[in-house]
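Novice: Got a structure for you, questions after.
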Amino acid sequence: MVTVTNLVLASVLAGLGLGSALPPRINTTNIGHGSGRATLNQVRRPNYRFNGARQVYKTYLKYGVPAPEELIQAVAHTDALNLAAAKRDTGSAAATPIDPRFDIAYVTPVTIGTPPQTLQLDLDTGSSDLWVFSSHTPASQVRGQRIYAPDKSTTSKLLDGHTWSITYGDGSGSRGNVYTDKFTIGGVTVESQAIETAQQVSSSFTTEDAIDGLVGLGFSDNALVWLIDWRSVLTHSPSPAGTYDFGFIDKTKYTGEITYVPVETDPGYWTFTSSGYGVGSGTFSSSPITGIADTGTSLVYLPTAIVTAYYRQVQGATNSRSYGGYVFPCNSTLPAFVFGVGEAKFTIPPSYMNYAAVTDGSPTCFGGLQSSSGIGVNIWGDVALKAAFVVFNGEEPPTIGWANKSLEE
């Protein structure tokens, strides 16, 4: 999910395609219309224990790719280390507040129904539907999440014959029914928004106790695409959390000009082509990189050759099987990562490239850049998005715009 950033959602997202392994689509029909301007302020999740390997694992599942066995083992390894650290620190396994720079740490409040029921949702440009934990979700799959209870809303209506389902790379899935109900986000209300209620939820979501569901901002027939004139901006703002602006572009949130490039929307994601990359002050390589801009993915995933070129400049960096990706000593000096959009260039600062310690208190840190080779697509996740002012323009033809902004490291 996105944080420490401001997005201008002018419609939907696009990505880098190096293969066919794109996120599975949810099959539903949505209804509802509206227009307007709105700013969504994100809310920091108060408790979260970081696990870099788990973020990589979740990306595999999201894009429909079976995770390799060594990655599954790395998730278990770091989970066990974090659990042991929690018990040592507090005498229990309760999570502790995370560093505010971690991109998984923010959600967006919405209300559903009459009277309104408040949920905290993840705004995700890498998916296309709005689904929530519900009173129909088995109790064994609800682990602290808030739920939407359609039977407690006087404005809810079951859409007979409509269901939704999605299958992930490990064979697990989520599914349920579809209701329409009053939906409010950022002060804008849709009177009859399609709400997908979960009857089954994948384990990759049940572990995220502060995320009550997703708001998909990808290309589809989702009614949310018509909620506003989809001109949404995500701008860097670490304190407070980031914001999404819908229906307008706030010129105070960026510097210089916005560079727009075309978006490939098939099969429904914000796919664009970067003009190249550079490491630190080194030579810029004008090698096109096609990939997905995904606010629902924390890290950046690029071709192995690019990832190797970057970590070659980091003392002590290694591709660790135990930790599920590239790691390095936390006190290492990291170079910035530069990428191009059209004729413009954007810099991901070293502090963003150092995502976090692999476990609480560890001297080893997990990289914000990882290889896309196993996933099959390149992904520009939050590590890149928070380093720029990004405009997702859904007007025909759809484009994605990038501008520089002041960064607080």
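Novice: Between a residue in the stretch 163-175 that is in a strand (DSSP E or B) and any residue that is modelled with pLDDT under 75 and among the polar types (S, T, N, Q), which pairs come within a Cβ distance under 7 Å, given they are 6 or more apart or on different chains?
Specialist: Listed by first residue and then by second, the contacts come to Trp164/Asn27; Trp164/Thr28; Ser165/Asn27; Gly173/Thr167.
Novice: While we're on this one: Inspect all residues belonging to the stretch 378-388 and state whether any of them is more than 20 Å from the chain's Cα centre (by Cα), touching a residue at least 24 places away in the same chain (Cβ under 8 Å) and more than 21 Å from Ala53 (Cβ to Cβ).
Specialist: No: zero hits.
Novice: While we're here: Can Arg88 be described as closer than 26 Å to Phe219 by Cβ, surrounded by fewer than 18 Cβ atoms within 10 Å (Cβ to Cβ), of a type in the set (D, E, K, R) and modelled with pLDDT under 80?
Specialist: The answer is no for Arg88.
Novice: Among the residues of the stretch 338-348, are any under 19 Å from the mean Cα position of the chain (by Cα) and at pLDDT 95 or above?
Specialist: Yes - at least one qualifying residue is present in the stretch 338-348.
Novice: Got a sec? Which of Ser237, Ser232, Ser220 is under 22 Å from Leu407 (Cα atoms), at pLDDT below 95, in a loop (DSSP other than H, G, I, E, B) and under 22 Å from the mean Cα position of the chain (by Cα)?
Specialist: Ser237
Novice: Would you be able to say whether some residue in the stretch 321-343 is in a strand (DSSP E or B) and basic (Lys, Arg)?
Specialist: The answer is no, given that none of the residues of the stretch 321-343 is in a strand (DSSP E or B) and basic (Lys, Arg).
Novice: Now for a separate question. Out of everything in the stretch 240-285 that is within 21 Å of the chain's Cα centre (by Cα) and acidic (Asp, Glu), what residue ends up being nearest to Lys345 (Cα to Cα)?
Specialist: Glu264
Novice: Something else now. For the stretch 375-394, how many residues are closer than 13 Å to Trp270 by Cα and outside any strand (DSSP E or B)? Quick ask: steps written out before the conclusion?
Specialist: Let us first name the residues in the stretch 375-394 that are closer than 13 Å to Trp270 by Cα, namely 377-381, 385, 390-394.
From what's left, outside any strand (DSSP E or B): 377, 381, 385, 394.
So the count comes out to 4.
Novice: Now for a separate question. Could you grab me the full set of residues in the stretch 351-365 that are buried (at least 17 other Cβ atoms within 10 Å of the Cβ) and either of a type in the set (A, V, I, L, M) or on the phi > 0 side of the Ramachandran plot (or both)?
Specialist: The answer is Met353, Ala356, Ala357, Val358.
Novice: For the stretch 139-149, give me each residue that is modelled with pLDDT of 95 or more and within 12 Å of Ala198 (Cβ to Cβ).
Specialist: Matches in the stretch 139-149: Ile147, Tyr148.
Novice: Taking the stretch 251-309 as the region of interest, how many residues are within 19 Å of Ile375 (Cβ to Cβ), part of a strand (DSSP E or B) and at pLDDT below 95?
Specialist: Result for the stretch 251-309: 4.
Novice: May I pose another question? When the residues of the stretch 150-186 are filtered to those that are at pLDDT 90 or above and in contact with a helix residue (DSSP H, G or I) (Cβ under 6 Å, 6 or more places away or on another chain), which remaining residue is farthest from Asp209 (Cα to Cα)?
Specialist: Of everything passing the filter in the stretch 150-186, Ser156 is farthest from Asp209 (Cα to Cα).
Novice: If you check every pair at least six apart or on different chains, which have Cβ atoms under 6 Å apart with a residue in the stretch 257-272 that is touching a residue at least 60 places away in the same chain (Cβ under 8 Å) first and a residue that is surrounded by fewer than 20 Cβ atoms within 10 Å (Cβ to Cβ) and outside any loop (DSSP other than H, G, I, E, B) second?
Specialist: Thr259/Ala344; Phe272/Val261
The values are calculated or read from the model by the stated rules, or taken from the named source; none is laboratory data. Every value quoted in this text rests on a predicted model; they were computed, and no experiment measured them. Note that we place each Cβ from the backbone using ideal geometry, even for glycine, and neighbour counts take in every protein chain shown.
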